[in-house]
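No lab work stands behind these numbers, since they all come straight from the coordinates. Just so it is clear, the model here is predicted, and its values are computed rather than measured. Every residue, glycine as well, gets a Cβ built from its backbone with ideal geometry; the counts of neighbours run over all protein chains shown.
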Amino acid sequence: MKRQIITIDEKKCTGCGECIPGCPEGALQVIEGKARLVSDLFCDGLGACIGHCRTGAMQIESREAEAYDEKRVMRESIVPGGPKVIAAHLHHLLDHAQSDFLQQALEYLDEEGLANPLEEIALEGIEPSAHPSHAAAPHHGGGCPGSRMMDFRAEQTPPLAQPVTISPSTSSSALRQWPIQLHLVSPLAPYYEGSDLLLAADCTAFAVADFHSSFMRGKSLAIACPKLDSEMEIYVEKLAMMIDVAKINTITVAIMEVPCCGGLMVTVTEALGRASRKVPVKKVLISVHGDVINEEWV
């Protein structure tokens with residue numbers, strides 16, 4: 001007897017999370033920027049998740065289905081992924097009331113001298129039970145971390161008692177062109193010729209308070225969303241033309257810290273692979289609070 005199991009190529013996976021809703025059993029989660037199969041036990045092998053994977057990172061593997069061995073799954077699939085994958089797997093067993101398998105998993109950790117992350121790691125605010133094998137864990141959801149609700153209002157300065165009159169801005173816009181959406185722009189437009197291109201994820205300008213002065217001054221602009229935009233292949237072609245024909249000097253890619261935003265870097269990498277010219281690329285990673293987490297030439 002053979003079982004059908006999903007396999008994930010981590011090199012191709014961008015962590016967009018679009019495969020998650022296609023797995024009704026909840027066997028997939030996005031952890032540390034990659035889709036992970038956190039439970040072989042609940043993978044039905046039907047491949048519903050594969051149709052949502054834009055990068056071809058997911059495939060179905062057929063292998064002999066021995067009697068399910070929780071300790072073997074821990075050894076071969078879960079533990080190599082690190083503490084957060086282990087914790088997600090244990091929570092997954094809790095959610096499906098698989099107390100026997102959970103106990104076996106905890107026994108394996110004890111036998112191997114590995115820490116039990118249920119006692120050390122809270123995934124997105126989950127507080128594990130003191131006796132997880134006899135309790136149900138709260139449902140921690142799935143899907144793309146970029147879609148998780150977060151409320152920043154309590155962290156912001158309280159509003160003034162009196163209403164503020166909106167006055168004209170004393171700073172000028174750094175926008176040099178129109179249109180800016182990558183589907184709408186022409187890669188041969190004169191403002192791209194010999195320019196330094198800023199390719200910005202849609203959300204970045206709303207997260208960074210001084211986006212114009214910090215990122216846009218002196219640059220041509222194109223914006224895109226790797227999660228919601230369709231026909232990304234067109235983006236690859238346009239960027240390749242900007243490199244080869246418009247002869248842009250540099251590309252600065254501004255993306256948010258959420259995993260799905262990494263798809264914009266994948267698009268740029270593919271465009272560079274098609275272009276005959278090579279241009280320097282800078283990656284700027286921005287937090288959901290609008291801070292620059294990292295800035296590097298790649």
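Do the alpha carbons of any pairs in Lys219/Lys247; Lys2/Lys84; Lys2/Lys34; Lys71/Lys227 sit beyond 25 Å of each other, and which pairs? Before the final figure, lay out the partial values.
On the way: Lys219/Lys247 14 Å; Lys2/Lys84 29 Å; Lys2/Lys34 27 Å; Lys71/Lys227 36 Å.
Where the Cα-Cα span goes over 25 Å, the pairs concerned are Lys2/Lys84; Lys2/Lys34; Lys71/Lys227.
Working out 0.36 nm times the residue gap between Cys225 and Arg75, then minus their Cα-Cα distance, what length gain in nm do you get to one decimal? Provide the component values of the computation, followed by the final result.
On the way: separation 150, 0.36 × 150 = 54.00 nm, distance 3.76 nm.
Net length gain for the segment: 50.2 nm.
Give the residue from Pro259, Ser186, Leu199 lying farthest towards the positive end of the charge dipole for the stretch 175-298; charges sit on Cβ (+1 for Lys and Arg, -1 for Asp and Glu) and the dipole is referred to the Cα centre.
Ser186
Where does each of 198-210, 260-272, 221-233 land if you order them by average Cβ count within 10 Å, highest first?
Values: 198-210: 18.8, 260-272: 21.4, 221-233: 17.1.
Highest mean packing first, the order is 260-272, 198-210, 221-233.
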